[in-house]
Amino acid sequence: MNIFLKQSIKAAVFLLLIISGMAGAAHWERAAGRAVQDANDRTATVRHNGIIEYAFSPDKGAEKLVLKVIDSAQSEIRMMAYSITSASVVEALTAARHRGIDVAIVFDHKSNLVHDQSGKARAALSTLVNAGCQVRTVSAYPIHHDKVIIVDRETVETGSFNFSKAATKNSENVLVVWKNTELARGYLEHWRSRFSRGKDYRTQY
């Protein structure tokens, strides 16, 4: 939420407490909580005059489009993911890091650590860390279900496509909005809020 808006709400509540006395404090605190929640529960709108590219799976170019986005990076990749077991995606991310791209990713904790019976997710996370990527896992939500890549603060990839091997066989979609800095700014704000609540993943090998 906008910091100025939060401060304005708090100031208004403080003034009301003074006017009404402490007897009304609980009532106004509840009202303030609802006001903050309502202010957070908003949508956003941006304009776009460029190219939007999309693909589907299985066998309709979804993974290829994800890899295209990663390979397009010139300076920075910011990523949010539920799961990561796709060797192709891990390879593309490590290749990006090796060519000097700043790569930072936040993953769902339970999906990749608690429920990773095969060990493939941990192996993927370790590979990324060993390549020099910043990797965190977040457990602050029931599920961290975002599947997003933001490249160079201007391009956004999103959709249902998990960065997993299974996603290439499922019915999935990928949508890329190329070169829209306003959209990327909004997604980066969302990314930062999740990354800031995560914990660094420490490789075991």
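Within 11 Å, Cβ to Cβ, of Gln74, how many net charges do the neighbouring residues add up to if Lys/Arg are +1 and Asp/Glu are -1? Write out the running numbers ahead of the final one.
Details: positive: Arg99, Arg153; negative: Asp71, Glu76, Asp102, Asp152, Glu154.
So the environment of Gln74 carries a net charge of -3.
When the dipole is taken about the Cα centre of the range 94-185, and only Lys, Arg (+1) and Asp, Glu (-1) are charged at their Cβ, what size is it in debye, to the nearest 20? Spell out each step's value before the answer.
Working: 12 positive and 9 negative charges, 56 e Å.
The calculated dipole for the range 94-185 is roughly 260 debye.
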The range 85-179: radius of gyration and largest Cα-Cα distance (Dmax), Å = 13.3, 39
Val89: net charge of surrounding residues, Cβ under 10 Å, Lys/Arg +1, Asp/Glu -1, itself excluded?
-> -1
For Phe163, other-chain or 5+-apart residues with amide H closer than 5 Å (H placed, Pro excluded) are Tyr82, Ser83
Taking Lys and Arg as +1 and Asp and Glu as -1, residues besides His144 with C-beta under 13 Å from its C-beta add up to +4
Once amide H atoms are built 1.01 Å from N in the peptide plane, which residues 5 or more positions from Glu172, or in another chain, come under 5 Å H to H?
-> Ser57
Could you pull out the pairs from Lys147/Lys199; Lys64/Lys165; Lys169/Lys199; Lys60/Lys110 whose alpha carbons sit more than 24 Å apart here?
-> Lys169/Lys199; Lys60/Lys110
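Quick one: pull the percent of accessible area on the range 60-111 belonging to carbon and sulfur, 1.4 Å probe, ligands and nucleic acids left out. List each step's numbers first, then the result.
Numbers: 930 of 1990 Å².
Heavy-atom surface of the range 60-111 belonging to carbon and sulfur, 1.4 Å probe: 47 percent.
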Lys/Arg +1, Asp/Glu -1 at C-beta; the range 63-188 dipole; positive extreme among Val177, Thr94, His115 = His115
Averaged per residue, the 1.4 Å probe accessible area of the range 59-115, protein heavy atoms only, in Å², is roughly 42 Å²
About the Cα centre, charge dipole magnitude for the range 135-205 (Lys/Arg +1, Asp/Glu -1 at Cβ), debye = 320 debye
By per-residue mean of other Cβ atoms within 10 Å, what is the highest-first order of 43-51, 155-163?
-> 155-163, 43-51
In Hz, Karplus ³J(HN,Hα) per residue of the range 47-61 (6.51, -1.76, 1.60; θ = phi - 60°; x = Gly, Pro) = 9, 9, 10, x, 9, 10, 10, 9, 7, 9, 9, x, 6, 10, x
Ranked from highest to lowest mean number of other Cβ atoms within 10 Å per residue, what is the order of the peptides 186-195, 100-109?
-> 100-109, 186-195
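The values are calculated or read from the model by the stated rules, or taken from the named source; none is laboratory data. Computed from a predicted model, the values in this text were never measured in an experiment. Positions of Cβ are generated from backbone atoms using ideal geometry, with glycine treated the same way; all protein chains shown enter the neighbour counts. When the accessible area is computed, the model is the full protein with side chains, heavy atoms only, and any ligands, DNA or RNA have been set aside. Shrake-Rupley method; radii C 1.70, N 1.55, O 1.52, S 1.80 Å.
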